[in-house]
1. Taking a cut-off of 18 Å between Cα atoms, list the aspartates and glutamates near LYS163, but don't count ones fewer than 8 places away on the same chain.
2. Given the rule -39500 (n - 2.57) for each run of at least 4 DSSP H residues, summed and divided by the residues of the chain, what is its mean residue ellipticity at 222 nm, to the nearest 500 deg cm²/dmol?
3. Please list the equivalent ellipsoid semi-axes of segment 97-223, computed as the square roots of five times the alpha-carbon gyration tensor eigenvalues, in descending order and whole angstrom.
4. If I take the Cα coordinates of segment 2-91 and project them onto the principal axes, what are the three extents in Å, biggest first?
5. Within 10 Å, Cβ to Cβ, of TYR12, how many net charges do the neighbouring residues add up to if Lys/Arg are +1 and Asp/Glu are -1?
6. Can you grab the distance from the C-alpha centre of segment 207-223 to the C-alpha centre of segment 179-201, Å, no decimals?
7. How fast does the chain diffuse by Stokes-Einstein, in µm²/s, taking the Kirkwood radius from C-alpha pairs at 37 °C and 0.692 mPa s?
8. As a quick test, which of the pairs LYS157/LYS225; LYS26/LYS167; LYS26/LYS106 have an alpha carbon distance above 32 angstrom in this structure?
Amino acid sequence: MDKYKKEIHVRYYCDARFCGEIWQAKPENDKTRWLHRDTELGDWSYLSSGPEGDCEPEHSVPRNIDIVICNSDWIEYYRDGNDRELYPDGFPTFEQACQKYWNAIKDQHLPTVGTPELAAWLEEVKPDNLSNFDNLNWNYHHYKNIDPDHFMTDGCKVSREDKGDFKTTFLLDFEYMGKQYHIVRYAQHHSMCSARWYMYSVVSLIDGKINGNIYWFGYGLISNK
């Protein structure tokens, strides 16, 4: 049946593991198909299951089918496909969009490091007499997100303590395929020592509250003393 179909309308759903994105095809006859885009090669494939499954690419979308890139309301933004003569350049990935907007503001903020560097930095101030549990969780789990302005929902990793300017803050809003995203600077404080740092991420909102991290840029180290 697909060989007679000349276009598929899709909208962005989420980033996928292993250099890919998941896109939802516009439902037909109450049936939804899911597509995978390889963010390195730009190739489109059908997925073997929906995003709740293993999300493995099943087979390539035929070259004679146009991929109509839509926003959340199914309004066309771009066209793409596996015909590289017709579509040699593709269009920006979500990751590229995140990096573009982060590059516009990152010089105004602390240099970022990765998770291993944060762990090594926290190891410098880890006491010798910790329990096994606290020793195992020292680098990754003993912290609070300082959020006195209630941008986040209540949870074990959220503190409403007022620490002045050291707090979770929205830095920049941007759109990708008609959907709003936000670059956030989380203010994170170790719960067993005085170490403080920032975490920079892209988030979306549900009912005005941060709905998890969609893309991550790194940590900005402040002080572990």
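1. The qualifying aspartates and glutamates are ASP147, ASP149, ASP154.
2. Mean residue ellipticity, 222 nm, calculated: -3500 deg cm²/dmol.
3. In descending order the semi-axes read 27, 17, 13 Å.
4. 33, 31, 25
5. Net local charge, TYR12 excluded: +1.
6. Between the Cα centre of segment 207-223 and that of segment 179-201, the gap is 6 Å.
7. Approximately 164 µm²/s, per Stokes-Einstein.
8. LYS26/LYS167; LYS26/LYS106
We did not get these values from a lab; they are worked out from the coordinates using the rules stated. Just so it is clear, the structure is predicted and the values come from calculations on it, not from any experiment. Counting neighbours? That spans all protein chains shown, and the Cβs are built from the backbone with ideal geometry, glycine included.
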